[in-house]
Amino acid sequence: MDDERFSFVWSELYELISKWIEDESSVTVIGHEIFLALEGSYLRIPHNQLIEIICNCIYNNKHRFYDEIFELIRKCVNLDQASPENTANLLEAIINIVRNPDERTHIYSLQGALFTLRKKHRELTEELDKIIADEMPDFYDNTYRLETTIEENTDMPVFLKSYIT
């Protein structure tokens, strides 16, 4: 599809997706198709709109799709391409989930999204990093630090020793 045709189709899809998100009795099966479509076409979707969809899903409690949402965050979100406002909204939504143990324990793709965001956007994720350390100390001291360390010469021997032990 050429860019002009895609933009036309996307504007209609964006409106339908927004309505689906806001509908409290939205059809679950459609959600799976929405997230497949978003992942398949994220390079052509305006990044701010992708982040708005993610944030709206979180704020409208689409709990059923949190795994798909955090997979999108891990695979498709680039905070450098988003407005500062959308970046702040997304990070705030993620922080709220990290602070809620009842929600975060049921999101299997959360940890991968967290360390991927940290690796890609270290300067933007300082607050999130501190909250992960406080709220998820076991994850923070193990997989997260191993994935996100910038002091490999210092940290790797400690990690290796702990894994050998």
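How many percent of the alpha carbon pairs in region 90-165 exceed a separation of 22 Å?
Of all Cα-Cα distances in region 90-165, 23 percent exceed 22 Å.
Applying a DSSP loop filter and a limit of 15 other Cβ atoms within 10 Å to the GluC sites (Glu not before Pro) in region 1-55 leaves Glu24.
Rounded to the nearest whole Hz, the Karplus-based 3J(HN,Hα) values (6.51 cos²θ - 1.76 cosθ + 1.60, θ = phi - 60°) of region 107-116 follow the sequence 10, 6, 8, 4, 4, x, 5, 5, 6, 5, with x at glycine and proline. Phi-derived couplings, Karplus 6.51 cos²θ - 1.76 cosθ + 1.60 at θ = phi - 60°, listed residue by residue for region 126-140: 4, 5, 4, 4, 5, 6, 4, 4, 6, 8, 10, x, 5, 5, 4 Hz, with x used for Gly and Pro. The lysines within cross-link reach of Lys62, meaning a Cα-to-Cα straight distance under 21 Å and a gap of 8 or more places when in the same chain, are Lys19, Lys75.
In terms of Cα atoms, the Rg and Dmax of region 1-157 work out to 16.5, 54 Å. Relative to the longest principal axis of the Cα atoms of the chain, the long axis of helix 28-41 makes an angle of roughly 80 degrees.
Scanning the chain for trypsin sites (Lys or Arg not before Pro) that sit in a DSSP loop and have at most 14 other Cβ atoms within 10 Å, the longest stretch containing none of them is 100-165.
Read-outs throughout are calculated quantities, based only on the coordinates presented, and are distinct from any laboratory measurement. This one's a predicted model, so the numbers in the text were calculated from it and none came from an experiment. Every residue, glycine as well, gets a Cβ built from its backbone with ideal geometry; the counts of neighbours run over all protein chains shown.
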